[in-house]
Amino acid sequence: QVQLVESGGGLVQAGGSLRLSCAASERAIGNYRMGWFRQVQGKEREFVAAILPWSLRSIYADSVKGRFTISRDNAKNTVSLQMNSLRTEDTTVYYCAAGPNTGSLSTMSVVTSWGQGTQVTVSS
């Protein structure tokens, strides 16, 4: 199981930007599909973005498409989420995720490792 540690959350005004980072303990995450989810308290965890291992194809939820960009650096075992044009409704806890490169190409349907989460708060 891959150990994941997120960083980069915080408080930002609406319209601003934040960059989340996720460091993986695994020596080589190159074979994993890596992603980001978010969860509002009392609701199910929601898919945000994912990036495939070899093609580097990225996948986004409609709610963040055009505003968020996911990237990965396999040599450094890191995954990042650049969040621009943030909205108050983006406020919640964000989780880094790792899983096998399988399933739908429109989401990340299998997750085998989760990070501990990082809080993002967007003020109006």
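The values are calculated or read from the model by the stated rules, or taken from the named source; none is laboratory data. Given the structure is predicted, the values throughout are model-derived calculations rather than measurements. Here Cβ is always computed from backbone atoms with ideal geometry, including for glycine, and neighbour counts include all displayed protein chains. Areas reflect the complete protein model, heavy atoms only, side chains present, ligands, DNA and RNA absent. Shrake-Rupley method; radii C 1.70, N 1.55, O 1.52, S 1.80 Å.
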Could you please state how large a percent of the accessible area of the chain is carbon and sulfur, counting protein chains only and using a 1.4 Å probe?
48 percent
Karplus ³J(HN,Hα) for the range 106-112 (6.51 cos²θ - 1.76 cosθ + 1.60, θ = phi - 60°; Hz, whole; x = Gly/Pro) runs 10, 7, 10, 8, 10, 10, 10
Residues whose placed amide H lies under 5 Å from that of Leu86, excluding near-sequence neighbours:
Gly15, Gly16
Treating only the Cβ of Lys, Arg, Asp and Glu as charged (+1, +1, -1, -1), what charge dipole size does the chain show about its Cα centre? Round to the nearest 20 debye.
200 debye
For the chain, evaluate the Debye formula with one uniform point scatterer on each Cα (no solvent term) and list log10 I(q)/I(0) at q = 0.11, 0.14, 0.21 Å⁻¹, rounded to two decimals.
-0.32, -0.52, -1.19
